[in-house]
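What follows is a single structure, written as structure tokens, with notes after it.
The values are calculated or read from the model by the stated rules, or taken from the named source; none is laboratory data. Since the structure is predicted, the reported quantities are computational estimates derived from the model, not experimental observations. Backbone-built Cβ (ideal geometry, glycine too); neighbour counts: all protein chains shown. For accessibility, only protein heavy atoms count, side chains too; no ligands or nucleic acids. Shrake-Rupley method; radii C 1.70, N 1.55, O 1.52, S 1.80 Å.
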Amino acid sequence: QVQLVESGGGLVQPGGSLRLSCAASRIIFNINAMGWYRQAPGKERELVAQLTSGASTNYADSVKGRFTISRDNVKNTVYLQMNSLKPEDTAVYYCNVRTYTANIWGQGTQVTVSS
């Protein structure tokens, strides 16, 4: 069973930046989409950014222009560059990979934006 391991979360001041990484334990074939979701306390998990198999990207309206998703196929890693962070970005961020037969989640990494 492939595993996804997120890293890069932490505490940052408003206006700051963080880069999240999600490393897969092995190559994943037949990927439909890979992306980042987040869940704040008392709220439902929401899509933040996604890369599809057709190389298109989707972003939540709340992060457009501030967050960028990218991938490194050699390292089996997907990244989320987060700039101009706001307190409302505070959440647990989860990496997700969806294939034709599986929906794989990482364990999550906490991002806290606070002064």
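Computed quantities for the displayed model
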{"quantity": "Charge dipole (debye, nearest 20) of the chain; +1 at Cβ of Lys and Arg, -1 at Cβ of Asp and Glu", "calculated": "160 debye"}
{"quantity": "Cα-based equivalent ellipsoid, the stretch 1-54: semi-axes from gyration tensor eigenvalues, Å", "calculated": "24, 15, 12"}
{"quantity": "Highest-MSF residue in the chain out of 54, 35, 16 [GNM, Cα springs under 10 Å]", "calculated": "54"}
{"quantity": "Area accessible to solvent at residue 97, 1.4 Å probe radius, in Å²", "calculated": "0 Å²"}
{"quantity": "Phi-based couplings in Hz for the stretch 63-79 (Karplus 6.51, -1.76, 1.60; Gly and Pro marked x)", "calculated": "10, 4, x, 10, 10, 9, 9, 8, 9, 10, 5, 5, 8, 6, 10, 10, 10"}
{"quantity": "Whole-percent carbon and sulfur share, accessible surface of the chain, 1.4 Å", "calculated": "47 percent"}
